[in-house]
Each structure stands twice: as structure tokens, then as C-alpha cells.
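Read the structure below first, then the notes.
The values are calculated or read from the model by the stated rules, or taken from the named source; none is laboratory data. Predicted model only: the values in this text are computed from it and were never measured. FYI the Cβ positions are ideal-geometry reconstructions off the backbone, even for glycines, and counts take in every protein chain you see.
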Amino acid sequence: MNFIDLFAGAGGLSEGFIRAGFTPVAHVEMDSAACYTLRTRMAYHHLAKQGRLDIYHSYLSREISRRDLYSHIPESVFNSIINQAISEENNSAIFAQIDELLDGQEVDLIIGGPPCQAYSNIGRAALKHVKDDHRKKLYVEYGKFLKRYKPKVFVFENVPGLKSSDTGIHYQNIKEYFDKIGYHVEEKQLNARSFGVVQDRKRLIFIGWSKDIQFEYPSFNQNETEHTSEDIFYDLPSLQAGGGTVISEYVENTSEYLTRSEIRRDDDILTQHITRPHNVNDLSIYKLAVQKYQQGLLLKNNEIPDTMRTQKNVTDFLDRFKVVGSIPHTLIAHIAKDGHHYIYNSLDQNRSISVREAARIQSFPDSYYFEGVTEIFSRTAAFKQIGNAVPPLMAYKIACQIEVGVREINKN
């Protein structure tokens, strides 16, 4: 069974479907850094199938370059990654590339979610001056792929704020549009934590299926994980602000949870456990936030002493400085700009979370390497990709249920 991933990002959603047995035909993504991440991940999967992960480990260990790694991979593997923006202007060219990749095959599934910032409650406030955000209508472009490739099923992911954005008109339009082009569609608000992810992350998951098949929205076995941030951070070395290296050493053996969730394998190499630097004033605020958190209190922006406060606004976004607690709050792409909303819960490690800690909150495997456009590590590019992603563990459990349904369709 194969799939196309639209607005693929760094591939979190795709990773879950690959793990469940689906085969990617194409990933379409406009961000060049994310496309390099996808190429590196496809290199990983190709080498894993061949039993040649030693080559991949040589890359993570900086024994070989990215170009050297890619030289071991057939060009056909990388052809599946299409670095273009999905748009009316580009779709014809994207269709041509996908048609060539398909070579007459049918498409079983399309997955993906257009950029969510325009719909999210936080993004909505930041974009209130934008009169006509084109991203709110990208579902129409998504639909053009449905109309062309006619998959049996599709998965469309977005933020819960979609239902209330612009008084709910976009939510209604999306449902009506998918119905008009031949798909039954249902959606549920699902929390990544209910799928084993150590993060409180609510998402709207639309699942659509062709009106000429028998299918129904899967009944997911949802149980909130009892694991905490301590369970996903305990084996990582201590860091200070601006600390860490591209390659590090684990300080503890793996655990049953890390193994079961496929976050860490015995042969993994710890990479990208790197934190951003902070100025002295921000570090003072971080310490204050952690002290309050450990007393069971949350630091509000209007409670920060005037001599320390960097934001004059004391009426909006009062939780600008936020500690990552036992169950981390939703990770978003804003972490690429600053770490104020993701302060590490320790007075001894006065900093925001590292790239690898952010990746683990999202349930990315430690073998997942987040690329920049060049081979020089880009902390900003990595944080952006991680914040925008669907947690692979959540995606995997959704994919497993869809796989059962699609196989039943194929039997009939």
C-alpha cells in the first residue's frame, strides 16, 4: 500500500505510516531544510532494509559527509522528495513528477496537513492584521490531489482552532468541499498523549474515504500515557545554556518506554542534544519561572519585576515564560525563535530545552537527524521542523488502524 504526503514537513506523519507498513510514493514540501531532513530519513530507511546502517551511523558520527551518505543511496529514493510549494502555479509540475513516480500504480492513501498557524489561536492573534491569509484555503489545493489520484482514504491533520477560526467558516467549507469531490469525512479531536506520546498535544484528525467504499472512522484505543518528561530526558547528559555538541554520549541505558516507543534503540548515536544561548536577564527569568513551578505556581509576565521584564505588554500572553512540566505542553514552531515557552525544569540546568529533548517530546526516534540547507547544523531549522511536526508515535497508531481498514477494502 502506498501514500503521498502533502505539506510533509520533516516527515513526522510519514514516519508513522512507514512504520505501519505503508510505502511513500512522494513527499511534497516547500521548505528546503525539511526536504534535506526527508532525504536523510529516506537514506536511513533504505540502508536499514539492506542491513547497512553502519553507513548511516558513520554519517551521524561525522566520519563521512552528507554527500558521502547520499552517494550510497539510489537516486530513485530521493526522487520521491519534491521540494515545491503546493499551489495553483506549481501543481501541474508536481503532478508530472508524481505521475512518473507512480508509473501506472494507484494511490491508496494521501496524508498531510496544510500549515496550521493561520487557524491556531496563537497564530490568529499574531496574524490579526492579515486580511486574506492564503493558507486558510490550502485545503482546496489538497483536494486537487484527491481529485487527480482518487485515493481510497485520506488523512488531513490540523489544529483544533480550525473549528472556530473566522467563526467556523473554514471548518464548514472544508467538510463541504471534501463531500463535493466525493468523500465522506469525519473528524475527531485527538490528543497525542492518548497515543503514548509524552506531550499534551490536541489535534483535529480528519479522515475521509471515497463514497463508493465501505469504511468508517477508526476506533482508536486511547489511554493517556503515565510516563513523564523525566522518562524521556533521564538518559541525556546535563547541559547549560548554549551547551551541547552535535554528537554526545548517553549517561544511562535505555528504558522499556524508550524502547517500546522506538525513541531509542540499542545501536543509536545521540545527536543534536544542543541548547540555545540566553542572555543573563532571560536566565534570571528562567530561574524565577522554575522556582515558582516547583512551588506549584506558574510565572505570569505581569509578575516579573520591572527591572527584569523584557515585554511591556502585561495584559496578553501572560504565560510567555513557561516551564516544561511532567507532561510537556504543546510544542510549536515558535520554539525556533526563542525558548521562553520551553524552559527546562531544573535550577541546576538553567536553560531552555535542547533540540533532542524537543524531538523526544514529539516522539521522534533518536536516529532522526534534522538537517539544515547546508551541512552546518542549524538549531533554528531543526526547532522549526520539530515544532511543526505530527508526533511519529501518534501517526503510527493512527496508521495501524487505517492499514487494517485499507487492507479490508483491497480484499473486497
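Every residue, every condition in (1) touching a residue at least 40 places away in the same chain (Cβ under 8 Å); (2) out of contact with any His (no Cβ under 6 Å at 6 or more places or on another chain), yes or no:
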position	(1), (2)
2	yes, yes
5	yes, no
9	yes, yes
17	yes, yes
50	no, yes
54	no, yes
* To do: Take the stretch 193-219 and flag every residue that is within 14 Å of residue 404 (Cα to Cα), surrounded by 15 or more Cβ atoms within 10 Å (Cβ to Cβ) and either polar (S, T, N, Q) or not assigned by TED's automatic domain parsing to the domain that holds residue 157 (or both).
  => none
* Output the qualifying pairs, or none if there are none: Cβ atoms under 8 angstrom, residues six or more apart or on different chains, first residue in the stretch 309-336 and more than 18 Å from residue 161 (Cβ to Cβ), second residue of a type in the set (S, T, N, Q) and assigned to a loop (DSSP other than H, G, I, E, B). => 320/311; 323/345; 324/345; 325/345; 326/228; 327/199; 327/228; 328/199
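Which one of these is modelled with pLDDT of 95 or more, of a type outside the set (Gly, Ala, Ser) and farther than 27 Å from residue 24 by Cα: 166, 200, 132? Outline the logic, then answer.
Details: 166 fails: modelled with pLDDT of 95 or more; 132 fails: modelled with pLDDT of 95 or more.
Criteria check complete, one pass: 200.
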* Flag if residue 63 is charged (D, E, K, R), in contact (Cβ under 8 Å) with a residue 12 or more places away in the chain and loosely packed, with under 12 Cβ neighbours inside 10 Å -> no
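Scan the stretch 319-354 residue by residue and report those that are of a type in the set (A, V, I, L, M, F, W, C), under 26 Å from the mean Cα position of the chain (by Cα) and assigned to a loop (DSSP other than H, G, I, E, B).
Let us first name the residues in the stretch 319-354 that are of a type in the set (A, V, I, L, M, F, W, C), namely 321, 323-324, 327, 331-333, 335-336, 343, 347, 353.
Those still in the list that are under 26 Å from the mean Cα position of the chain (by Cα) too: 321, 323-324, 327, 331-333, 335-336, 343, 353.
321, 324, 327, 331, 332, 353 - these are the residues of the stretch 319-354 that are of a type in the set (A, V, I, L, M, F, W, C), under 26 Å from the mean Cα position of the chain (by Cα) and assigned to a loop (DSSP other than H, G, I, E, B).
Which of the residues that make up the stretch 249-263 are polar (S, T, N, Q) and surrounded by 17 or more Cβ atoms within 10 Å (Cβ to Cβ)? Lay out the reasoning, then the answer.
Within the stretch 249-263, the subset polar (S, T, N, Q) is 253-255, 259, 261.
261 - this is the single residue of the stretch 249-263 that is polar (S, T, N, Q) and surrounded by 17 or more Cβ atoms within 10 Å (Cβ to Cβ).
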* **Enumeration of residues in the stretch 1-52 that are part of a loop (DSSP other than H, G, I, E, B) and either outside the structural domain of residue 79 (by TED's automatic domain parsing) or touching a helix residue (DSSP H, G or I) at 6+ places or on another chain (Cβ under 9 Å) (or both)** => 1, 7, 8, 9, 10, 11, 20, 21, 22, 29, 31, 52
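Is it the case that the stretch 298-307 has a residue that's of a type in the set (Ser, Thr, Tyr) and either assigned to a loop (DSSP other than H, G, I, E, B) or closer than 30 Å to residue 403 by Cα (or both)?
Restricting attention to the stretch 298-307, the residues satisfying the condition of being of a type in the set (Ser, Thr, Tyr) are 307.
Add one more test, that the residue is either assigned to a loop (DSSP other than H, G, I, E, B) or closer than 30 Å to residue 403 by Cα (or both), and what stays is 307.
Looking through the stretch 298-307, at least one residue is of a type in the set (Ser, Thr, Tyr) and either assigned to a loop (DSSP other than H, G, I, E, B) or closer than 30 Å to residue 403 by Cα (or both).
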* Asked: How many residues are free of Cβ contacts under 8 Å to residues at least 40 places away in the same chain and either in contact with a helix residue (DSSP H, G or I) (Cβ under 7 Å, 6 or more places away or on another chain) or in a loop (DSSP other than H, G, I, E, B) (or both) when one looks only at the stretch 184-220?
  -> 5
* Flag if residue 318 is more than 27 Å from residue 249 (Cα to Cα), of a type outside the set (Val, Ile, Thr), surrounded by 14 or more Cβ atoms within 10 Å (Cβ to Cβ) and at pLDDT below 95 -> yes
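Name every residue in the stretch 367-380 that is surrounded by 23 or more Cβ atoms within 10 Å (Cβ to Cβ) and in a helix (DSSP H, G or I), in order of residue number.
Step one: filter the stretch 367-380 for residues surrounded by 23 or more Cβ atoms within 10 Å (Cβ to Cβ), giving 368-371.
Result: no residue meets the conditions.
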* Asked: If you check residue 398 against the conditions, is it of a type in the set (A, V, I, L, M) and part of a loop (DSSP other than H, G, I, E, B)?
  -> no
* **Single unsatisfied condition, residue 174 versus (1) touching a strand residue (DSSP E or B) at 6+ places or on another chain (Cβ under 8 Å); (2) at pLDDT 95 or above; (3) crowded, with 19+ Cβ neighbours inside 10 Å** => (2)
